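These notes are about the structure you will find just below.
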Amino acid sequence: DAKTTQPTSMDCAEGRAANLPCNHSTISGNEYVYWYRQIHSQGPQYIIHGLKNNETNEMASLIITEDRKSSTLILPHATLRDTAVYYCIVRVAWSNYKLTFGKGTLLTVNP
Amino acid sequence: GAVVSQHPSWVICKSGTSVKIECRSLDFQATTMFWYRQFPKQSLMLMATSNEGSKATYEQGVEKDKFLINHASLTLSTLTVTSAHPEDSSFYICSALLAGNNEQFFGPGTRLTVL
């Protein structure tokens, strides 16, 4: 699976949009971009995934650049409960299903 | 959504003893489950892939005789840490693969402390 690069940490004000970037410049054509988050001392939680089109669900939006070398996870109205480590992972769907977690981005939402 | 549970949520044991951790998919069947380990301030590291009815596949550097994995049913996988030592103290997390959409759903984790 291709590697990803994320900032170590970010801060966001409560109620504002949180935009978390991820670089995946070596992504292959059949690799998807997945986002998970891990709140302290809990298991990871799936957020969203996409291939090349922008995606939106009840939790977040995923914007993937046209060249697919980077993406941005958007939490439209961050709350204190969104404070967590956010992991951007690229992997081939329908493969061995392994997820390789990097260091992720610690998002701190401030009141 | 798909729910995965782990038991116990935390355990403290003496060095040299064995500890069993259970991972259950509560509302779906999972032919494949994964076991991860997470040390403080570090990311999750995949330990092994557990397939129902067959032997687990271990990642490089993970001792299969120390970390015994059993996946005897479609809803239960167990990880047994044998002869635990303080360096095995960690946060152990399982996930279950939901067939159809092929997504992994994670359990809440088990905190193991070996004294």
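The values are calculated or read from the model by the stated rules, or taken from the named source; none is laboratory data. Since the model is a prediction, treat every value here as computed from it, not as a measurement. Here Cβ is always computed from backbone atoms with ideal geometry, including for glycine, and neighbour counts include all displayed protein chains. Accessible surface areas use protein heavy atoms only, side chains included; no ligands, DNA or RNA. Shrake-Rupley method; radii C 1.70, N 1.55, O 1.52, S 1.80 Å.
May I ask you to list the residues in the range A:54-64 that are touching a strand residue (DSSP E or B) at 6+ places or on another chain (Cβ under 7 Å) and not acidic (Asp, Glu)?
To start, the set of residues in the range A:54-64 that are touching a strand residue (DSSP E or B) at 6+ places or on another chain (Cβ under 7 Å) comprises A:54-55, A:57, A:59-64.
Answer for the range A:54-64, where residues must be touching a strand residue (DSSP E or B) at 6+ places or on another chain (Cβ under 7 Å) and not acidic (Asp, Glu): A:Asn54, A:Asn57, A:Met59, A:Ala60, A:Ser61, A:Leu62, A:Ile63, A:Ile64.
Test A:Leu20 against the stated conditions and say whether it is closer than 19 Å to A:Val109 by Cα, at pLDDT 95 or above, in contact with an Asp or Glu (Cβ under 7 Å, 6 or more places away or on another chain) and crowded, with 19+ Cβ neighbours inside 10 Å.
Judged against the criteria, A:Leu20 is not a match.
I'd like the full set of residues that are closer than 12 Å to B:Thr75 by Cβ and buried (at least 19 other Cβ atoms within 10 Å of the Cβ), limited to the range B:16-31.
Hits for the range B:16-31 are B:Cys23, B:Arg24, B:Ser25, B:Ala30.
Using the structure shown, decide if A:Gln38 is of a type outside the set (Val, Ile, Thr), within 14 Å of another protein chain (Cβ to nearest Cβ), within 21 Å of B:Trp35 (Cα to Cα) and open to solvent by 70 Å² or more (accessible area, probe 1.4 Å).
Values: of a type outside the set (Val, Ile, Thr): yes; within 14 Å of another protein chain (Cβ to nearest Cβ): yes; within 21 Å of B:Trp35 (Cα to Cα): yes; open to solvent by 70 Å² or more (accessible area, probe 1.4 Å): no.
No: the conditions fail for A:Gln38.
Can you report the number of residues in the range B:73-115 which are away from chain A (no Cβ under 11 Å), part of a loop (DSSP other than H, G, I, E, B) and open to solvent by less than 40 Å² (accessible area, probe 1.4 Å)?
Residues in the range B:73-115 being away from chain A (no Cβ under 11 Å), part of a loop (DSSP other than H, G, I, E, B) and open to solvent by less than 40 Å² (accessible area, probe 1.4 Å): 3 in total.
Output the strands (runs of 3 or more DSSP E) that fall wholly within the range A:51-111 and possess 1 or more residues being more than 15 Å from the chain's Cα centre (by Cα), or say none.
A:84-92, A:105-110
On the given criteria, is A:Glu14 open to solvent by 80 Å² or more (accessible area, probe 1.4 Å), touching a strand residue (DSSP E or B) at 6+ places or on another chain (Cβ under 8 Å), at pLDDT 95 or above and away from chain B (no Cβ under 13 Å)?
Answer is yes for this residue.
Among the residues of the range A:76-105, which ones are among the hydrophobic types (A, V, I, L, M, F, W, C), open to solvent by less than 10 Å² (accessible area, probe 1.4 Å) and over 10 Å from A:Val33 (Cβ atoms)?
If the condition is that a residue be among the hydrophobic types (A, V, I, L, M, F, W, C), open to solvent by less than 10 Å² (accessible area, probe 1.4 Å) and over 10 Å from A:Val33 (Cβ atoms), then A:Ala78, A:Ala84, A:Leu99 are the ones that fit.
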